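Have a look at the structure below before the remarks.
The values are calculated or read from the model by the stated rules, or taken from the named source; none is laboratory data. Computed from a predicted model, the values in this text were never measured in an experiment. Cβ placement follows ideal geometry from the backbone for every residue including glycine, while neighbour counts extend to all protein chains displayed. We work out accessible area using only protein heavy atoms, side chains counted, and drop any ligands, DNA or RNA first. Shrake-Rupley method; radii C 1.70, N 1.55, O 1.52, S 1.80 Å.
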Amino acid sequence: MLQIKLTVKRIELHILEIPLQTPFTNSLKTVRNKEVLLMTISDGEEIGWSECAAEPDPFYYWETIKSVMD
């Protein structure tokens, strides 16, 4: 197993709104953009990226982008 020692110097959260090529429509609404939460972790030299699977609204699961950030 590879073990890496890392001293975290900076964590940033980024909320992006990405337009969909084709709107997604269901019986409740039409979605034209996908909102995603990305996180960067840096040790001052290297940067790692991570994506959160939570949605903006608690439609499929109770956790949301806002609750993850709190």
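Taking all protein chains together, 8, 31, 36 sort by accessible area into 8, 31, 36, largest first [probe 1.4 Å]. Near the amide H of residue 34, within less than 5 Å, lie the amide hydrogens of 18, 20, all on another chain or at least 5 residues away, with H placed in the peptide plane.
Among residues other than residue 41 with Cβ under 15 Å from its Cβ, the summed charge is -2 (Lys and Arg +1, Asp and Glu -1). Other residues lying with their Cβ under 13 Å from the Cβ of residue 67 contribute a combined charge of -3, Lys and Arg counting +1, Asp and Glu -1. Expressed as a whole percent, the accessible surface of the chain that belongs to carbon and sulfur atoms is 55, based on a 1.4 Å probe. Shown is the FRET efficiency for residue 25 and residue 5, computed with R0 = 35 Å from the Cβ-Cβ distance and rounded to the nearest 0.05: 0.10. In this structure the chain gives 89 Å² per residue of accessible area when probed at 1.4 Å with all protein chains present. Take the Cα of residue 67, step 7 Å toward its Cβ, do the same at residue 52, and the gap between the two points is 1.2 nm. For percent of Cα pairs over 18 Å apart, one of (i) 40; (ii) 53; (iii) 27 was computed from the structure I shared and the rest are decoys. Which label? Recomputing percent of Cα pairs over 18 Å apart here gives the entry labelled (ii).
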